[in-house]
Amino acid sequence: MNELLNRLQAGLDALDAQSLRRRRRTVHTRCAPDTDADGQPLLAFCSNDYLGLASHPAIVVALQEGAARYGAGSGASHLISGHSLAHAKVEDELAAFMAPHLEAPRALLFSTGYMANLAVLSALGGKDAELFSEELNHASLIDGARLSRSQVSVYPHGDLDALEGLLRASRAQNRIVVTDSVFSMDGDIAPLPQLLALCERHGAWLVVDDAHGFGVLGAQGRGALEHFKLRSPQLVYMGTLGKAAGVSGAFVAAHDTVIEWLVQRARPYIYTTASPPALAHALSASLALIAGEEGAMRRARLNLLVTDFRAALRLKRWRLMPSDTAIQPVCIGASGTALAASAALQRGGYWVPAIRPPTVPRNTARLRVTFSAAHAPEDMQRLVNALRLAEEECDAN
């Protein structure tokens, strides 16, 4: 037994030597820019609560109402007895919300975006399928591709010519192109119009993981599909509900036939206890905010913060990566330096995480700055000054 533990400890020691061990912090406060982590007050630039809805009073009240009405848990999977009126209602609302971009739309709730991606790819894929995966796709899409039993071809980031060559050469009966919309560690947006055109030309599905676009992109927050004004029966759309929506879970929206296939064949859906109905009740309140005037104002505030940050930040050696989204990565390079930079910011009262391999490629460790509509302009300017000081401190050492 000691030998087994020693083997694991050696692996942990190797992570430490490479500055790659991850460590959790315990947050003592609500999800908001002003937070307390492990007893230290910090101004956080690391949450995916892009619209600042996680602590919105209307959503908190809706969650309380949902718990009073439906209780704390669902008790079973959706296909047994766990599918409540609250689940059905928010699925209908999500389908209607995404209707401008999908034909015969229907939506299906999942407990997490990770589960939703596993479900879609494992149910749509199979031994007769070839899956074309973007190089920088999220881990959940990579794992979903592995579980699908499909042939998997990876195309270079944003390389449409390479993808077209792969599609043209494919002999698979079933072709599936899968991509993030907003890439979570880079902040750039996939060329979805061109990807959809390729899929329509070659008879392929286009699966879009819009985890970091839903609620944020588009005039009404319908995400990347609205941002690019896309509509097609070949689109399969995944949006998460624990980021800009401020609650928890995810959904898949697509043609009714696709969704019915998932209900029948997607193991992560069939064999999972349904999420608490109270969360679905709270999501109805969140969706109303996203689609309304307040959502529009919050998106405008967020976009202004991003624009002003990019204009104000002037670094000597570190590189602000190209991104027009709430994700603003500052590329540093070495993992140790990125950790030192994050630590320097923490000492100054700022929470900006260091992202290291294997999450990002070797020698591209970075600070991942994320903005929320809950940040004030003064918060952004303070961060700009802190980043400059951190760069100077790391250079001096």
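Here, each number is a calculation from the coordinates, and none is a lab measurement. Everything numeric in this text was worked out from a predicted model, so none of it was measured. Using ideal geometry, Cβ is built from the backbone for each residue, glycine included, and neighbour counts are taken over all protein chains shown.
If each Cα of segment 57-291 is one equal point scatterer, what is log10 of I(q)/I(0) from the Debye formula at q = 0.10, 0.12, 0.15 Å⁻¹?
-0.43, -0.61, -0.95
Report the full-extension gain for the segment residue 389 to residue 220: residue separation times 0.36 nm, less the Cα-Cα distance, to one decimal in nm.
Values: separation 169, 0.36 × 169 = 60.84 nm, distance 3.79 nm.
Contour length minus Cα-Cα distance gives 57.0 nm.
Hey, can you grab everything whose amide H is under 5 Å from the amide H of residue 207? Only 5+ residues off in sequence or another chain; H modelled, so Pro and N-termini drop out.
177, 178, 179, 236
For segment 293-302, what does the Karplus curve 6.51 cos²θ - 1.76 cosθ + 1.60, with θ = phi - 60°, yield as ³J(HN,Hα) per residue in whole Hz, taken in order and with x for Gly and Pro?
With the stated coefficients, segment 293-302 comes to 5, 5, x, 4, 5, 5, 5, 5, 5, 5 Hz.
Give the order of 79, 43 when sorted by the count of other beta carbons within 10 angstrom, beginning with the fewest. It would help to have the intermediate numbers written out before the result.
On the way: 79 14, 43 19.
In increasing order of surrounding Cβ atoms, one gets 79, 43.
Report the dimensions of the chain along its three principal axes from the alpha-carbon atoms, largest first, rounded to Å.
Here the spans come out as 60, 55, 53 Å, largest first.
Consider a paramagnetic label point 7 Å from the Cα of residue 168 along Cα→Cβ; state which residues of segment 128-155 have an amide N under 17 Å from it.
Hits in segment 128-155 for residue 168 at 17 Å: 155.
Got a sec? How would 297, 321 order by Cβ neighbour count within 10 Å, fewest to most?
297, 321
Skipping prolines and chain starts, which residues have an amide H placed within reach, meaning under 5 Å, of the one on residue 350, given they are 5 or more residues away or on another chain?
43
Using the Karplus equation 6.51 cos²θ - 1.76 cosθ + 1.60 (θ = phi - 60°), what ³J(HN,Hα) coupling, rounded to whole Hz, does each residue of segment 5-22 give in order, writing x for Gly and Pro?
Couplings: 5, 4, 5, 5, 5, 4, x, 5, 4, 5, 4, 4, 5, 9, 6, 10, 6, 8 Hz.
Please report the spacing between the Cα centers of segment 217-246 and segment 78-156 in Å, no decimals.
Using only Cα atoms, the two centres lie 14 Å from each other.
Under 18 Å from a point placed 7 Å out from the Cα of residue 99 along the Cα-to-Cβ direction: which residues of segment 292-307 have their backbone N that close?
Hits in segment 292-307 for residue 99 at 18 Å: 292.
Any chance you could check the Cα centroid distance between segment 1-22 and segment 38-68 for me, in angstrom?
Comparing the Cα centres of segment 1-22 and segment 38-68, I get a distance of 35 Å.
Tell me, what HN-Hα J-couplings in whole Hz come from the Karplus equation 6.51 cos²θ - 1.76 cosθ + 1.60 at θ = phi - 60° for each residue of segment 26-32, using x for Gly and Pro?
Rounded to whole hertz, the list is 9, 8, 9, 10, 5, 6, 6.
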